[in-house]
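Asker: Okay, handing you the structure first.
The values are calculated or read from the model by the stated rules, or taken from the named source; none is laboratory data. In this text the structure is predicted, and so the values were computed from the model without any measurement. No Cβ is skipped: glycine too gets one built from the backbone with ideal geometry, and neighbour counts run over all protein chains shown. Areas reflect the complete protein model, heavy atoms only, side chains present, ligands, DNA and RNA absent. Shrake-Rupley method; radii C 1.70, N 1.55, O 1.52, S 1.80 Å.
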There are 2 protein chains.
Amino acid sequence: MTELLPNFVAGRWQAGTGAGTALFDPVLGTELVRVDATGLDLPAAFAFAREQGGAALRALSYRERGALLAAAVKVLQANRDAYYEIATANSGTVKNDSAVDIDGGIYTLSTYAKLGETLGDKRFLVDGDAAKLSKDGLFQSEHLLAPTQGVALFINAFNFPSWGLWEKAGPALLSGVPVIVKPATATAWLTQRMVKDVVDAGILPPGALSVICGSSAGLLDQLQSFDVVSFTGSAETAAVIRSHPAIVQRSVRVNIEADSLNSALLLPDHPPGSEAFELLVKEVAREMTQKSGQKCTAIRRVLVPEALYGAAAEAISARLAKTSVGNPRNEAVRMGALVSRAQLAAVREGLATLKTQTEVLHDGATHALVDADPAVACCVGPTLLGTRNPDAAHLVHDVEVFGPVATLLPYRDLAHALALVQRGQGSLVASVYGSQPAELAHAAFKLAAWHGRVHLVSPDVAALHTGHGNVMPQSLHGGPGRAGGGEELGGVRALNFYHRRAAIQGSSAVLAALAG
Amino acid sequence: MTELLPNFVAGRWQAGTGAGTALFDPVLGTELVRVDATGLDLPAAFAFAREQGGAALRALSYRERGALLAAAVKVLQANRDAYYEIATANSGTVKNDSAVDIDGGIYTLSTYAKLGETLGDKRFLVDGDAAKLSKDGLFQSEHLLAPTQGVALFINAFNFPSWGLWEKAGPALLSGVPVIVKPATATAWLTQRMVKDVVDAGILPPGALSVICGSSAGLLDQLQSFDVVSFTGSAETAAVIRSHPAIVQRSVRVNIEADSLNSALLLPDHPPGSEAFELLVKEVAREMTQKSGQKCTAIRRVLVPEALYGAAAEAISARLAKTSVGNPRNEAVRMGALVSRAQLAAVREGLATLKTQTEVLHDGATHALVDADPAVACCVGPTLLGTRNPDAAHLVHDVEVFGPVATLLPYRDLAHALALVQRGQGSLVASVYGSQPAELAHAAFKLAAWHGRVHLVSPDVAALHTGHGNVMPQSLHGGPGRAGGGEELGGVRALNFYHRRAAIQGSSAVLAALAG
């Protein structure tokens, strides 16, 4: 039997009482560890976090909490090698892809550590300027943001066991709100280990950070009015969460980050050989293959002018053909595995669905696996699909294949391109490739209402831009409609979710006392 | 048969095809008008608003839309007398109480008209400063707020047919988002008339403002991903709305403003005769009787130091005893009717429930009605309840009686008082009465996390403060937990709900083009 990872709740490590669920190596097929949450006293776990953890965190200032995050960053940095080993074994990712998760998570946490320093020795945030409610200004209204007096429950996705934890925990802990994280079972190991390292270092007050691995059964039942829940995953699970009595009846605040069909758009008049064309081709190939396309932000739809359909298909396919796929332990391999047999089956099923309305421009099945047994390894080559009739092919706007798959779509003019993008019903991100600032700015404004982020790539930032799918902590992460309607990160904006806004109306003397 | 009020959808006035539901005079019992929404083509109505109304509004700048609101304000001011007549007849309110709804609504709309001027000739809002994503600053991230490309559906409460419309429509229309309002049936007449006056004046583009009177059946089914819905009313209906597939599956943004058990708190060391004591007594009596206590923001729980329980009971009761109740057409009357027999029954039922755990300090049944037949009129005198055991009397923290009813609760010390307030599980507003700025500021900070607004009353603002229950457009309206978790008003903050935030990442040249 493999090791059963304990949970950390109510201030102590507690093993589940069940047999546990096994986590596997998606390349070798071997069992790695087991997780289980059976028999945990969840009411006690949530009460401990809410009361002990919350009170201890709220007793600190933003600066002090930022210092705790900075100390956690040091611990995580000291243990990076172990995290890379776990990622290779459990996520099947090559080193560069593990870095997106591990170093991306640590960088994001460090960003919020630094933000704490900026926010200083306060225990609430002031929101905007005071407004006079009497002509003489003796009676005024001022808004403040106070930490919510509850717990933050994170139900996370399998693709970012590190980044998904820290991009949420950083803003929550900095806000003074204790965290309970429930990682996706398939890759829970890395989340559990990182929490363990931080807990064992004794940095955070008791109750500030808990981890529950295994089933999510019963977690939502614990939520009370001042708790918040943040979910990353499928639209189906999001709907289940939104329907839960805690949200429906107790107004528990919920943030959803769900699937979306993100687009990359090459603006008109950038033929093959132009810098914008080459930048699009490079970014599409990179986004399709990074983490085997298992990113919520990955490019799923590629829009190019009709006349460039063939040229774009050829150029992207040529790059994809060079991608070696297989065992991430082999240095020749550029793209590792999907996370599980279940995901492999889902990707194959999704590909079959999309193929009913598309042609195959580059076939992932042609990629021989390096150092991996196709009967065991959850590896699949990158596939570029395409259709010359993007208006009729409704599936490409509706079905997200969560793997190294994208579809090329030709458009007639910019209005047509925007209409096609809009058929995604709201996405996390769109990227636009062009050379004229005014045209890029115009596209950005048009796309803004349907996206949480618009990423503009022009030749002057070819070597500087941060990538279509890469989520920078300075920028909003989330998107409207199908993408779930949530908002994460965006620098200090991330703290809003963990605070309650209140108008304080009083005499100028009272408001001065509040500020002092 | 009384007049059947038509609905205004898809750019034209359309009568329902059913028999209609009658609206009554709650004092005289006479039928006034009828409303009906049977047979309306709701998909066409929503599509017209979303496409025609939305496109026309978004083509304008904030300044231009503000000018439309200013023109609407002029039309409404010109028709004030008609609105007061409708309010007297349909809401049974005395003139001062009608003013809270009518003039409060017009003032709020004019506030957003002026805000449009401030926001200027733009079509989106910039959110904060740009952040450098490359060290040289050539690649940056900036956030903007773009109007959501959908429709705003308002499902409103009976107690504010005017203010409830304009406090929502002002921010929505200023944001460039078309409005469909479904007023509560009992008092839909005033909403319908105000919309009619603005529509007939030809101020707004077709599709910008629609009104549907009668049943809300089918309205939520029309909502799509970029629409928003704003509801004011009971927690039960709020739960139904939150569970609807549009919200659960399509991420339609929802704002809920629900019941709450708002508190008034007299700080320690302010005995009878002190200014703070007298200010509390005056405000409690005013809040209990204004609009017959039919305000979401009205004081329901009054907290005073234990030693002052008797004195506070006596002082508040003495004020209440002077309140003449009855026909609002009689100038001697200070407090008119509840809105309907159904509300009268609900108030009586709620009173009976609370009386199981409280004593009656002032009995509303002792008030003889002026100029009104008790067998017909929906009038009820103000009742002050109290209990010397506020910890055990759980009903007073759970049951809101939506009428002229409040409960006096003694507390031991400030920590006890705050714990009692918190048992409301989140409220719209708390007011605090005291004389020391530091003590008031401390209470405000403590109360902020459970309230959308904290109203601080000290002797220096005795004549200036805007009232516990009065919602100023400059201040946030809404509250966490039981109060629904929503946010309205708060000046420019109200526009957030009608915009989508997006991070725009690009070269400094592109971001400069976007700004210009």
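Asker: Measuring from centroid to centroid over Cα atoms, what is the spacing of the stretch A:1-46 and the stretch A:409-459 in Å?
Answerer: Centre-to-centre distance over Cα atoms comes out at 44 Å.
Asker: Something else: How large is the helix-only mean residue ellipticity at 222 nm for the protein assembly as shown, computed as the sum of -39500 (n - 2.57) over DSSP H runs with n ≥ 4, divided by its residue count, in deg cm²/dmol to the nearest 500?
Answerer: After summing the helix terms and dividing by the residues of the protein assembly as shown, the value is -11000 deg cm²/dmol.
Asker: Could you report the buried accessible area between A and B, both sides summed, computed with a 1.4 Å probe and given in Å² to the nearest 100?
Answerer: 6000
Asker: Same structure again: With the Cα gyration tensor of the stretch B:1-78 giving a ≥ b ≥ c as the square roots of its eigenvalues, does the rule (a/c under 1.5 for rounded; else a/b larger than b/c for prolate; else oblate) give rounded, prolate or oblate?
Answerer: Verdict is oblate for the stretch B:1-78.
Asker: Same structure, new question: Can you tell me which lysines have their Cα less than 19 Å from the Cα of B:Lys122? Leave out same-chain residues fewer than eight positions away.
Answerer: In chain and number order, the partners are A:Lys446, B:Lys114.
Asker: Taking a label point 7 Å from Cα toward Cβ, how far is A:Ala365 from its twins in the other copies, in nm, shortest first?
Answerer: In ascending order, 8.3 nm.
Asker: Dipole size in debye (nearest 20) for the stretch A:227-366 around its Cα centre, Lys and Arg Cβ +1, Asp and Glu Cβ -1?
Answerer: 580
Asker: Let me spell out the model: positive unit charges on the Cβ of Lys and Arg, negative unit charges on the Cβ of Asp and Glu, origin at the Cα centre of the stretch B:262-474. What dipole size does that give, in debye rounded to 20?
Answerer: That gives the stretch B:262-474 a dipole magnitude of about 480 debye.
Asker: Another question, then. What does the structure give for A:478-484 when I average, per residue, the other chain Cβ atoms found within 10 Å of the residue Cβ?
Answerer: Average per residue, whole number: 5.
Asker: Taking every DSSP beta bridge that has both residues in the protein assembly as shown, what percent is antiparallel when rounded to the nearest 5?
Answerer: Numbers: 54 of 152 bridges.
Rounded to the nearest five, the antiparallel share is 35 percent.
Asker: Treating only the Cβ of Lys, Arg, Asp and Glu as charged (+1, +1, -1, -1), what charge dipole size does the protein assembly as shown show about its Cα centre? Round to the nearest 20 debye.
Answerer: Details: 86 positive and 94 negative charges, 42 e Å.
That gives a dipole near 200 debye.
Asker: While we're on this one: Which shape class applies to the stretch B:134-284: rounded if a/c is under 1.5, otherwise prolate when a/b exceeds b/c and oblate if not, where a ≥ b ≥ c are the square roots of the Cα gyration tensor eigenvalues?
Answerer: It is oblate, given that a/c is not under 1.5 and a/b is not larger than b/c.
Asker: Under a straight-distance cross-link criterion of Cα-Cα below 16 Å, which aspartates and glutamates are reachable from B:Lys182, leaving out those fewer than 8 residues away in the same chain?
Answerer: Output for B:Lys182: B:Asp36, B:Asp41, B:Glu167, B:Asp221, B:Asp227, B:Glu257.
Asker: Return an integer: the convex hull volume of the alpha-carbon atoms of the stretch A:110-175, in Å³ per residue. All intermediate terms of the calculation are to be shown ahead of the outcome.
Answerer: Numbers: hull volume 8.0 nm³, N = 66.
That works out to 122 Å³ per residue.
Asker: Let me ask another. Before I look further, what does the stretch B:399-505 give for accessible area per residue, probe 1.4 Å, in whole square angstrom?
Answerer: With the other protein chains kept in place, the stretch B:399-505 gives 23 Å² per residue.
Asker: Also, I was wondering about something else. Taking the alpha-carbon centroid of each part, what is the distance from the stretch A:82-105 to the stretch B:235-267 in angstrom?
Answerer: 41
Asker: Express the C-alpha Rg of chain B as a ratio against the empirical globular expectation 2.2 N^0.38 Å, rounded to two decimals.
Answerer: On the way: Rg = 23.7 Å, N = 516, 2.2 N^0.38 = 23.6 Å.
Rounded to two decimals, the normalised Rg is 1.00.
Asker: Going by Cα centres, the stretch A:275-332 and the stretch B:468-482 are how many Å apart?
Answerer: 51
Asker: Right, here's the next one. For the stretch A:420-470, rounded, prolate or oblate, judged on the Cα gyration tensor with a ≥ b ≥ c (square roots of eigenvalues), a/c < 1.5 rounded, else prolate if a/b > b/c?
Answerer: Working: a/c = 2.61, a/b = 1.47, b/c = 1.78.
It comes out oblate by the Cα gyration axes.
Asker: What does the charge count around B:Val429 come to, taking other residues whose C-beta lies under 12 Å from its C-beta (Lys +1, Arg +1, Asp -1, Glu -1)? Kindly include the intermediate steps, with their values, before the conclusion.
Answerer: Working: positive: B:Lys295, B:Arg300, B:Arg301, B:Arg453; negative: B:Glu257, B:Glu283, B:Glu287.
Cβ neighbours under 12 Å give a net charge of +1.
Asker: Provide A:Met335, B:Met472 ordered by accessible surface of protein heavy atoms (probe 1.4 Å), highest first. Walk me through the numbers on the way to the answer.
Answerer: On the way: A:Met335 0, B:Met472 25 Å².
Accessible-area ranking of A:Met335, B:Met472, largest first: B:Met472, A:Met335.
Asker: Based only on the alpha carbon positions, what is the Kirkwood hydrodynamic radius of the protein assembly as shown, in angstrom?
Answerer: 30.1
Asker: Kindly identify residues of the stretch A:209-236 having a loss of at least 30 Å² in accessible area between the isolated chain and the assembly of all protein chains, probe radius 1.4 Å.
Answerer: Listed in order, they are A:Ser225, A:Phe226.
Asker: To continue, here is another question. Give me the one-decimal Kirkwood hydrodynamic radius in Å for the stretch B:156-233, with the sum taken over alpha-carbon pairs.
Answerer: Mean inverse Cα-Cα distance, inverted, gives 12.9 Å.
Asker: Averaged across A:456-466, how many Cβ atoms of other chains sit within 10 Å of each residue's Cβ atom? Before the final figure, lay out the partial values.
Answerer: On the way: counts 9, 5, 5, 1, 7, 11, 1, 3, 9, 7, 5.
Mean shielding count: 6.
Asker: Here's a follow-up. What number, in nm² with one decimal, is the all-direction average of the projected area of the convex hull of the alpha-carbon atoms of the stretch A:262-474?
Answerer: Over all viewing directions, the stretch A:262-474 projects a mean Cα-hull area of 11.4 nm².
Asker: Which trypsin sites (Lys or Arg not before Pro) in the stretch A:303-353 pass both tests, a DSSP loop state and at most 10 other beta-carbon atoms within 10 Å?
Answerer: Of the trypsin sites (Lys or Arg not before Pro), the ones in loops of the stretch A:303-353 whose Cβ has at most 10 other Cβ atoms within 10 Å are A:Lys322.
Asker: Let me ask something additional. Roughly how much of B:Lys95 is accessible, in Å² to the nearest 10, using a 1.4 Å probe?
Answerer: Ignoring ligands and nucleic acids, B:Lys95 comes out at about 150 Å².
Asker: Could you work out what % of the accessible surface of the protein assembly as shown is carbon and sulfur, using a 1.4 angstrom probe and leaving DNA, RNA and ligands out of the count?
Answerer: Ligands and nucleic acids excluded, carbon and sulfur reach 52 percent.
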